[in-house]
Amino acid sequence: MYELLQKLHSWWAYLAIIVLLIAVVNAFIGYSGKKNFESKDLRISLFALIFTHIQLLLGLAIYFVSQKGFKSFGTEGAMKNAELRLTMLEHPLINIIAIVLITIGWSKHKKTEGTAKFRKILFFYGVGLLLILSRIPWSTWLG
């Protein structure tokens, strides 16, 4: 079960990052070009929101099924191990913050008009994307 969830979480991450990157680039183009926010833009932003939330659910499932999981924080020296600290604390915490920011961006864009919608998406989704990229365990993900 754990291995299946971990592979799914890893492969879904590629999709989530690609869709999130597309949403950020689309928002940048829309904002800098002073375009109207259309249904295509709404769908791109919504798909990025959905993909990141599915990624969060997969990650939480792994976290609670994993042998390392939150149980490891009770053991001596868990915080001194950089790899364990990244995968069991920094990665989940920062990514939850990133997805909260993406969700806030989605919520705030609905309350604005015109290019301000693009600005909200660009800022919140962009910061979320940077946070996600900063806490990916690259050595295990690409290796």
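The values are calculated or read from the model by the stated rules, or taken from the named source; none is laboratory data. For clarity, every value in this text was computed on a predicted model and none was experimentally measured. The area values use the complete protein model at the heavy-atom level, side chains included, leaving out ligands, DNA and RNA. Shrake-Rupley method; radii C 1.70, N 1.55, O 1.52, S 1.80 Å.
Each 5 Å bin from zero up to the one holding the largest Cα-Cα distance in region 1-126 carries the following percent of pairs: 2, 11, 18, 19, 14, 11, 9, 7, 5, 2, 1, 0. Given Lys35/Lys110; Lys7/Lys110; Lys7/Lys40, which pairs have Cα atoms separated by over 26 Å? With Cα atoms farther than 26 Å apart: Lys7/Lys110; Lys7/Lys40. The mean accessible area for residues of the chain, using a 1.4 Å probe and ignoring ligands and nucleic acids, is 60 Å² per residue.
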